[in-house]
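Quick notes on the structure that follows.
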Amino acid sequence: RMSTLVKVVRYHLVKPDNLVLIPWAALVVGFIINVMVLAIVNVRIPGTTSGGQGPVRYMGTLATLFVTFAVAGVTSATRALPLGLSLGLSRRSFYLGTVLTAVSLAVVYGLILALLQAIERWTHGWGLSMGVFRAPFVLEGPWYLTWLMSFVLLTLVFVWGVWFGLVYRRWNLIGLWAFVAAQVIVGVAAALVVTWIGAWHHVGHFFVTVSAPGIAGMIALLATLLLAGGFATVRRAAV
């Protein structure tokens, strides 16, 4: 079985456009744009000194990597699944091998992000007080926490994207809209309940006080639930 899953990984990496090239190309382009904007406009914040010694300006560009990786999950289910099944793979083997591909890449990508974050700290934000590979309260700790959070977040968004693609494969556009609507309803209902019992300050206090490994554990649990949902959906996904 493991040999089959490894073959699925190799199958996905034969053309690494969606999983490798596009996510990192989008991040590199965003990084270059950030550097150009800050270098040309030369944004000044009171108290900022030259040489990138002022307050860090978080750019949010890192989100492009996670968004494009989620889109790669969608395309892995919508575009790669039919060809995979035509090559003799079972639906479950294809799904588990696809997840194994994402998990393996997430491990490597997390290490790369941790390295880039270390360089960013060492150069004081690339000499511009710029925070590209740091995110407040999420990716701002030691390198191993950055790696852990990046790993679980990348796995989460990919598995979520794969589930979207499988829902579309199984129930077409109507099912996809129903799937999106169900998630929106659950989110709104949860927000209304928290508002009704007046517990927003407790929620905020929880996320402020909980440790980074604790948050990573919750994200990993959510990713596991999404993984189970996708595994149940792929059984009868149309091709």
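When the range 149-179 is examined, which residues are found to be closer than 13 Å to THR78 by Cα and either in contact with a His (Cβ under 9 Å, 6 or more places away or on another chain) or of a type in the set (Phe, Trp, Tyr) (or both)? Give the steps one after another, and end with the answer.
So the first thing to find is which residues in the range 149-179 are closer than 13 Å to THR78 by Cα, and the list is 161-173, 176.
Selection gives TRP163, PHE164, TYR168, TRP171.
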Exercise for the section: Would you mind listing the helices (runs of 4 or more DSSP H) fully within the range 131-239 where at least 1 residues are of a type in the set (Ser, Thr, Tyr) and in contact (Cβ under 8 Å) with a residue 24 or more places away in the chain? Expected result: 143-196, 212-233
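For the range 146-201, give me the residue count where each residue is more than 30 Å from GLU120 (Cβ to Cβ) and either in contact with a strand residue (DSSP E or B) (Cβ under 6 Å, 6 or more places away or on another chain) or among the hydroxyl-bearing types (Ser, Thr, Tyr) (or both).
Initially, the range 146-201 is screened for residues more than 30 Å from GLU120 (Cβ to Cβ), giving 162-201.
Next cut, either in contact with a strand residue (DSSP E or B) (Cβ under 6 Å, 6 or more places away or on another chain) or among the hydroxyl-bearing types (Ser, Thr, Tyr) (or both) only: 168, 195.
Of the residues in the range 146-201, 2 are more than 30 Å from GLU120 (Cβ to Cβ) and either in contact with a strand residue (DSSP E or B) (Cβ under 6 Å, 6 or more places away or on another chain) or among the hydroxyl-bearing types (Ser, Thr, Tyr) (or both).
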Practice task
Give the range 156-182 a look and list any residue that's more than 15 Å from PHE231 (Cβ to Cβ), open to solvent by 60 Å² or more (accessible area, probe 1.4 Å) and of a type outside the set (A, V, I, L, M), or say none.
Solution key: TYR168, TRP171, ASN172, TRP177
Problem - Any chance GLY88 is open to solvent by less than 50 Å² (accessible area, probe 1.4 Å) and on the phi > 0 side of the Ramachandran plot - result: no
Handout entry: Within the range 196-224, considering residues that are among the small types (Gly, Ala, Ser) and loosely packed, with under 13 Cβ neighbours inside 10 Å, the one farthest from LEU156 (Cα to Cα)
Key = GLY198
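Here are some residues: ALA77, ALA118, ALA25, ALA106. Which one is modelled with pLDDT of 95 or more, surrounded by 14 or more Cβ atoms within 10 Å (Cβ to Cβ) and either within 17 Å of the chain's Cα centre (by Cα) or in a helix (DSSP H, G or I) (or both)?
On the way: ALA77 fails: modelled with pLDDT of 95 or more; ALA118 fails: modelled with pLDDT of 95 or more; ALA25 fails: surrounded by 14 or more Cβ atoms within 10 Å (Cβ to Cβ).
Only one candidate qualifies: ALA106.
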Handout entry: Selection from the range 51-74 of residues that are at pLDDT 90 or above and among the β-branched types (Val, Ile, Thr)
Key = THR61, THR64, VAL67, THR68, VAL71, VAL74
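The values are calculated or read from the model by the stated rules, or taken from the named source; none is laboratory data. Computed from a predicted structure; not experimentally measured. Ideal geometry is used to build each Cβ from the backbone, glycine not excepted, and the neighbour counts take in all protein chains shown. Only protein heavy atoms, including side chains, enter the accessible area calculation; ligands, DNA and RNA are left aside. Shrake-Rupley method; radii C 1.70, N 1.55, O 1.52, S 1.80 Å.
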